[in-house]
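Peer 1: I'd like to ask you about the structure that follows.
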Amino acid sequence: MCGIFAAYKHPEVNAFKPRALQLTKRIRHRGPDWSGNVVKNTTLFAHERLAIVGLDSGAQPITSPCGNYMLTVNGEIYNHIQLREETTDYKYKTLGDCEPIIPMYLKYDVDAPNHLDGMFAFVLYDSQKDRVIAARDPVGITTLYMGRNSKTPKTVYFASELKCLVDDCDSIIAFPPGHVYDSETDKIERYFKPNWIDESIIPTTPVDLKQVRETLERAVRKRLMAEVPYGVLLSGGLDSSLIASIAARETEKVMDETNTIDYEKQSDDAADASKKLTGLDDSGNLQTQSWSKLHSFAIGLPGAPDLKAARKVANFIGSIHHEHNFTIQEGLDALDDVIYHLETYDVTTIRASTPMFLLSRKIKAQGVKMVLSGEGSDEIFGGYLYFAQAPSAAEFHVESVKRVKNLHLADNLRANKSTMAWGLEARVPFLDRDFLNLCMNIDPNDKMIKPKEGKIEKYLLRKAFDTSDEPDVKPYLPEEILWRQKEQFSDGVGYSWIDSLKDTAERVISDEMFANPKDHWGSDIPTTKEAYWYRLKFDALFPQKTAADTVMRWIPKADWGCAEDPSGRYAKIHEQHIDG
């Protein structure tokens, strides 16, 4: 992950460069390792680098050997080795995972993003055609914004975060996931077109539990591509616990395998390239970390439900566990910083992001630059407790598709910006392209929450990793964790966290203020004092009218009879767990 900024067809590009570098400095937290910039014709690219792969030679922006193509990328391309093998006629300058995007553009033009397996936001400039294309990964794991200024209508701006654009653009959008922009047509079009994107198509394929397990394991395996210390975020819930369990197995397996690779069967050049691309040193040892075991990280108020569960999981999978506490006051004190980095006023996102923001700083201070996280599972499998109130399998599926398509404005935004605020990269195996296409095509009847039949939320995911009838397979998780009820992260860190936010908002926002929303809010009027409080904070940080255009507030489905408060505690089937 990194921070990118681009200005295409700027009429005074050289005079604008000092301004551009100041704007890019606003996202240096995303890339503390190095800064770079390139100007070609009237186009400027700037980059703030967080080095994860290709540490010595992956600096950006990347220019092609011929000098005709320029690229700036924020992301990780997991199939970069395969892409290099497919484009052997291109003379690579780096060993980084992002450079293959240039030869893929030369081969596939605007369809190049379709051939990338990873999380990414990139802008590529073709100087011969004076053309730019920009693209974002299928579900928007990586953030990207696009802006324009009506005074210079031909100029198009791109940036990893909103804060780079709000002062110079009077029109800004959150770049849509799975889409590509082409300056030749001046259009943004969808390149990611799986059949499940169409909400009207209700799948009928029965679940294959073995395939679910194996596909998720592959998704975790490919995300261990790194040349820096990594770990896992472990809340103790099902999703993060499964990812941590698989990662622990894969880390142990990779350590064993890399120490037994026979490089004598390869040519010296091939062996050297292979070792560098897979993160191996000259002795065949893994460079990804200096640790022999996986490290896991958890945060919560003292006695929080998640902390107890995370501790139990860490002991079970054998990870080296780091448990961090925060106080209510520390959380409240961090709210302005959280909203500044998140660039949203959505209640659910802010509640959950604050402890994640605090934990990310602790993790980075411990020398870790990449973590695996469990986002996406609840959207794919209908794991939020309110899904139990779905009237039918068809409506269950439609809501699931909508939640996946809006991840870039909610949980993906939270995971990306909470961690990148401290130069920490979060990777999300559940949103692997293959895993998505497999699980979003499962008959929703298999996903439905049916308590009377013993089918709790995410039953099929739990069952896929239930090895109780496989005596030769080591269990992935303790049974009480595998079948633990869903706790949304903002609840699991300690119930008093949300209660304190609501109580504080009640004191800060008077009845008179609440009864008189701001005129510029239009129809987007907060319905609670907590939401009103966050909107005031957002407006103070981002007073520009265009800023709020990129925000989506999530409110539970009233037509399903759901409570207005998005906390999982207000779902009818929630079981209470007391702090302490």
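The values are calculated or read from the model by the stated rules, or taken from the named source; none is laboratory data. Because the structure is a prediction, the values reported are computed rather than measured. Because the Cβ atoms are built from the backbone with ideal geometry, glycine has one as well, and the counts that use them run over all protein chains shown.
Peer 1: With the requirement that a residue be charged (D, E, K, R) and buried (at least 18 other Cβ atoms within 10 Å of the Cβ), what does region 106-117 give you?
Peer 2: Listed by number, the list holds a single entry, Asp117.
Peer 1: Does any residue of region 196-207 turn out to be among the aromatic types (Phe, Trp, Tyr) and in contact with a helix residue (DSSP H, G or I) (Cβ under 8 Å, 6 or more places away or on another chain)?
Peer 2: Yes, region 196-207 contains a residue that is among the aromatic types (Phe, Trp, Tyr) and in contact with a helix residue (DSSP H, G or I) (Cβ under 8 Å, 6 or more places away or on another chain).
Peer 1: Go through region 141-161 and count every residue that is farther than 17 Å from Thr24 by Cα and either of a type in the set (A, V, I, L, M, F, W, C) or without any contact (Cβ under 8 Å) to a residue 40 or more places away in the chain (or both).
Peer 2: The total comes to 5.
Peer 1: Could you tell me which numbered condition Ile52 fails, if it satisfies all but one of (1) within 29 Å of Asp434 (Cβ to Cβ); (2) modelled with pLDDT of 95 or more; (3) hydrophobic (A, V, I, L, M, F, W, C)?
Peer 2: Evaluating Ile52 over (1) within 29 Å of Asp434 (Cβ to Cβ); (2) modelled with pLDDT of 95 or more; (3) hydrophobic (A, V, I, L, M, F, W, C) leaves (2) as the failure.
Peer 1: Do we find a residue being within 23 Å of Tyr78 (Cβ to Cβ), of a type in the set (A, V, I, L, M, F, W, C) and either within 25 Å of the chain's Cα centre (by Cα) or at pLDDT 95 or above (or both) anywhere in region 269-278?
Peer 2: yes
Peer 1: Where the second residue is loosely packed, with under 14 Cβ neighbours inside 10 Å and the first is within 19 Å of Asp539 (Cα to Cα) and lies in region 505-519, which pairs have Cβ atoms under 7 Å and are six or more apart or on separate chains?
Peer 2: From residues that are within 19 Å of Asp539 (Cα to Cα), the pairs are Pro517/Ile525.
Peer 1: Something else about it: Counting only residues that are surrounded by fewer than 23 Cβ atoms within 10 Å (Cβ to Cβ) and of a type in the set (Asp, Glu), which one in region 236-253 is farthest from Gly383 (Cα to Cα)?
Peer 2: Glu252
Peer 1: Is it the case, given these coordinates, that Thr143 is assigned to a strand (DSSP E or B), buried (at least 16 other Cβ atoms within 10 Å of the Cβ), assigned by TED's automatic domain parsing to the domain that holds Thr185 and at pLDDT 95 or above?
Peer 2: Judged against the criteria, Thr143 is not a match.
Peer 1: Can you tell me which residues in region 88-105 are modelled with pLDDT of 95 or more, surrounded by fewer than 24 Cβ atoms within 10 Å (Cβ to Cβ) and either in a strand (DSSP E or B) or in contact with a strand residue (DSSP E or B) (Cβ under 8 Å, 6 or more places away or on another chain) (or both)?
Peer 2: Tyr105
Peer 1: Hey, another quick one. For region 164-175, give me each residue that is part of a loop (DSSP other than H, G, I, E, B) and either in contact with a Leu (Cβ under 9 Å, 6 or more places away or on another chain) or among the aliphatic types (A, V, I, L, M) (or both).
Peer 2: Scanning region 164-175 gives Leu165, Val166, Asp167, Asp168, Phe175.
Peer 1: Out of (1) assigned to a strand (DSSP E or B); (2) at positive phi, what's the single condition that is false for Gly236?
Peer 2: That leaves (1) as the condition not met.
Peer 1: With the condition kept exactly as written, say whether any residue in region 386-405 is crowded, with 24+ Cβ neighbours inside 10 Å, out of contact with any Pro (no Cβ under 9 Å at 6 or more places or on another chain) and not aliphatic (A, V, I, L, M).
Peer 2: Taking every residue of region 386-405 in turn, at least one turns out to be crowded, with 24+ Cβ neighbours inside 10 Å, out of contact with any Pro (no Cβ under 9 Å at 6 or more places or on another chain) and not aliphatic (A, V, I, L, M).
Peer 1: Which members of region 370-384 meet the condition of being of a type outside the set (Asp, Glu) and closer than 17 Å to Asn416 by Cα?
Peer 2: Within region 370-384, Met370, Val371, Leu372, Ser373, Gly374, Gly376, Ser377 qualify.
Peer 1: Being among the basic types (Lys, Arg) and under 19 Å from the mean Cα position of the chain (by Cα) is the filter; apply it to region 11-52 and report the residue that is farthest from Ser418 (Cα to Cα).
Peer 2: Per the criteria, the residue is Arg49.
Peer 1: Ok, one more. Considering each residue of region 498-541, count those that are of a type in the set (A, V, I, L, M) and touching a Pro at 6+ places or on another chain (Cβ under 7 Å), and give that number.
Peer 2: 1
Peer 1: Being out of contact with any Gly (no Cβ under 7 Å at 6 or more places or on another chain) and part of a loop (DSSP other than H, G, I, E, B) is the filter; apply it to region 151-160 and report the residue that is nearest to Met119 (Cα to Cα).
Peer 2: This residue is Thr155.
Peer 1: Here is a follow-up. Out of all the residues in region 33-44, which are out of contact with any Leu (no Cβ under 7 Å at 6 or more places or on another chain) and either outside the structural domain of Val166 (by TED's automatic domain parsing) or more than 21 Å from Lys151 (Cα to Cα) (or both)?
Peer 2: Trp34, Ser35, Gly36, Val38, Val39, Lys40, listed by residue number.
Peer 1: Hey, among the residues in region 113-140 that are in a loop (DSSP other than H, G, I, E, B) and in contact with a Pro (Cβ under 7 Å, 6 or more places away or on another chain), which one's nearest to His80 (Cα to Cα)?
Peer 2: Per the stated criteria, the residue is Asp137.
Peer 1: Here's something else I'd like to know. Since Arg351 meets every condition but one in (1) of a type in the set (D, E, K, R); (2) surrounded by 24 or more Cβ atoms within 10 Å (Cβ to Cβ); (3) assigned by TED's automatic domain parsing to the domain that holds Ser245, which condition does it not meet?
Peer 2: It fails just one condition, (3).
Peer 1: I would also like to ask the following. When you look at Thr72, is it among the polar types (S, T, N, Q), surrounded by fewer than 24 Cβ atoms within 10 Å (Cβ to Cβ) and either under 30 Å from Glu12 (Cβ atoms) or in the same structural domain as Leu413 (by TED's automatic domain parsing) (or both), yes or no?
Peer 2: no
Peer 1: Where residues in region 205-235 are among the basic types (Lys, Arg) and surrounded by fewer than 17 Cβ atoms within 10 Å (Cβ to Cβ), which of them is farthest from Phe381 (Cα to Cα)?
Peer 2: It comes out as Arg218.
Peer 1: Look at region 301-348 and say how many of its residues are more than 30 Å from Glu479 (Cα to Cα), part of a helix (DSSP H, G or I) and touching a residue at least 12 places away in the same chain (Cβ under 8 Å).
Peer 2: 14
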